[in-house]
Structure formats: structure tokens, C-alpha cells
1. If you take every residue apart from Q40 with its C-beta less than 15 Å away from the C-beta of Q40, what net charge results, scoring Lys and Arg +1 and Asp and Glu -1?
2. Within the range 122-140, list the residues whose amide N lies under 20 Å from a label point set 7 Å along Cα→Cβ of R31.
3. Using a 1.4 angstrom probe on the protein heavy atoms only, line up M95, M28, M240 by accessible area, largest first.
4. Nearest 10 degrees is fine. How inclined is helix 100-110 to the longest principal axis of the chain, computing both from alpha carbons?
5. List the chymotrypsin sites (Phe, Trp or Tyr not before Pro) within the range 90-154 that DSSP assigns to loop and that have no more than 16 neighbouring Cβ atoms inside 10 Å.
6. Which distance in Å, rounded to a whole number, links the C-alpha centroids of the range 197-266 and the range 88-150?
7. Calculate what fraction, in whole %, of the accessible area of the chain sits on carbon and sulfur atoms when a 1.4 Å probe is rolled over the protein chains.
8. Got a sec? Charge dipole of the chain, +1 on Cβ for Lys and Arg, -1 for Asp and Glu; which of T87, S166, L177 is way out at the positive end?
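The values are calculated or read from the model by the stated rules, or taken from the named source; none is laboratory data. Everything numeric in this text was worked out from a predicted model, so none of it was measured. For neighbour counting, all protein chains shown are included, and Cβ atoms are generated from backbone atoms with ideal geometry for every residue, glycine included. What goes into the accessible areas is simple: the full protein's heavy atoms, side chains included, and nothing from ligands, DNA or RNA. Shrake-Rupley method; radii C 1.70, N 1.55, O 1.52, S 1.80 Å.
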Amino acid sequence: MKRVVFNQKGGVGKTSITCNLAAIGASMGYRTLVIDLDVQGNTTHYLVGEIDADAYPAEAQGVAGLFKQTVGSRRMQKNPDSFVWETPYENLYLMPSSPVLSDLEKELESRYKIFKLRDALEKLEDEYDRIYIDTPPNFNFYSKSALIAADSVLVPFDCDSFARQSLYSLMDNLAELQEDHNPDLGVEGIVINQFNSQARLPGELVAELKEEGYPVFDTYLNTSVKMKESHREHRPLIDMAPSHKLTGQFLDLHVELEKTAAKAAA
């Protein structure tokens, strides 16, 4: 199962959702790969902390190294697993981001390398039970590559009016990409994040999304300072605070995802 976590709006919790769902799956025994396509590298920083630039040159790191070799000599190409790193967590692996991704984007786009990630993941798919892809908060070469490579997409939603307008645009873009490049891509569901049950607006927005027929997951993720602490410690919640309320919500969401995947596979 290859899932991409995507929203064109920033600050909706893509990194938190990607890393925590992946870490939960890994803790349950699923061999899990996380791919960080966002040049900001928040997912990479969350899972492994600061990268030693001298020991690991940016141009050779993870996703950048994978893409960079597609514009070079085919005789020098490495297998995709050469760009996968271990994390401190059992069963959890990472293909890290790099600042070089920004410089590479125009060349990759001009040479139409949009299917190269899909090709790489086809070679890796048998090695991992679950693959999660974190994306930039815009509809660019890297997010399109992820959506073309994925089986399904999770859409984080942070319960404000701007997020709702962005959702409409996102769904239009997804429909076009499905038609042109990946008809098998499924919208697995909308993840309600940073939910405040004490405020009226979030509940109203979610109810309206459901009325409009959007596939909203039953589990909502609350706002919590524990998530910020988790980022600072570079430790997913299942490791840092396994009994916390927010961790429980992620566990419930993971159960929903596995049920959805089972139905899709049936």
C-alpha cells in the first residue's frame, strides 16, 4: 500500500500525520518506508534530526539522489534501496529530503521525469508493507510524482474556511491527475486535524463537508502541545507518549485506514 499525504495548503499537519501513522504501523510489525518529498525536510527532521552535511552530501541524499541519477548515465544508476536510510525505530525506514530538490525540479520537469518515482516504488514495493509519502504544500512536480506513484491519498483538513476553499481546488486537481496519469488513485479520506471540539466553527465545517459527500474519517485529531513536544524530541507519539489522548486518536485513525485498505484489496 502506497499512501501520499497531500494538501495544497500549508500548516495542516501533513508531516505529523505522515510520521505518526507510519510509526504506528512500524510498531505493529509492518515494515514501513517514509518518503520525504518536501524540500523543507520537516519529515526528515522529525524522524532523524539534523543531518550531518559533511557525512551525507546533499546531492547524494535520499530522494534527491534517486531523482538526480535519472538525468545521468544509466550505467551509474543505483537501486532505489540505496537511497533508503534506517531510523531509530524498528521497522521504520526513511528516504530523506534534501535542499537539492529545489534546484533539481526544473530539470526534472523539463525532461519529463514525472513517472520516475512510480518506477522506483515498483521496485521497492515488495520490500515494504506500507509506504507513506509526504509532499510539498503545492501542486508541483514532486507532489504530482507522488500522486502518480501512489495507490491512495490522505487529505489533512485543519478546520478553517481557507482550508475548505483549498480543498475544493485540491479535489479538482486530483480528478484531473486521475484522468490523465493515475486512474487507480483513490481518495482514501479526509483527516480532520487540529480539531477543537469546544469551538463551534470546526464542527460546522466538518458537518458541511460530510453533507457535500466528502469521505471524512470518523476519527478526529485534536490540537495538543504534545505534538510540538514530539517534533522537538524527534520522537513520534507512539514512542514518546504512548498513553496520551492524541496518540490514541492516531491509533484509532490507523485502525480506520487498515479497514479501508482491506476493503480496497477485497
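1. That works out to -4.
2. Inside the label zone: 122-133.
3. Reading off the accessible areas and sorting them downward yields M28, M240, M95.
4. 80
5. Numbers: sites: Y93, Y112, F115, Y128, Y132, F139, F141, Y142; in loops: Y112, F115, Y128, F139.
Qualifying residues, ordered by number: Y112, F115.
6. About 24 Å separates the Cα centre of the range 197-266 from the one of the range 88-150.
7. Result for the chain: 46 percent of the exposed heavy-atom area is carbon or sulfur.
8. Sorting the options by dipole projection puts first T87.
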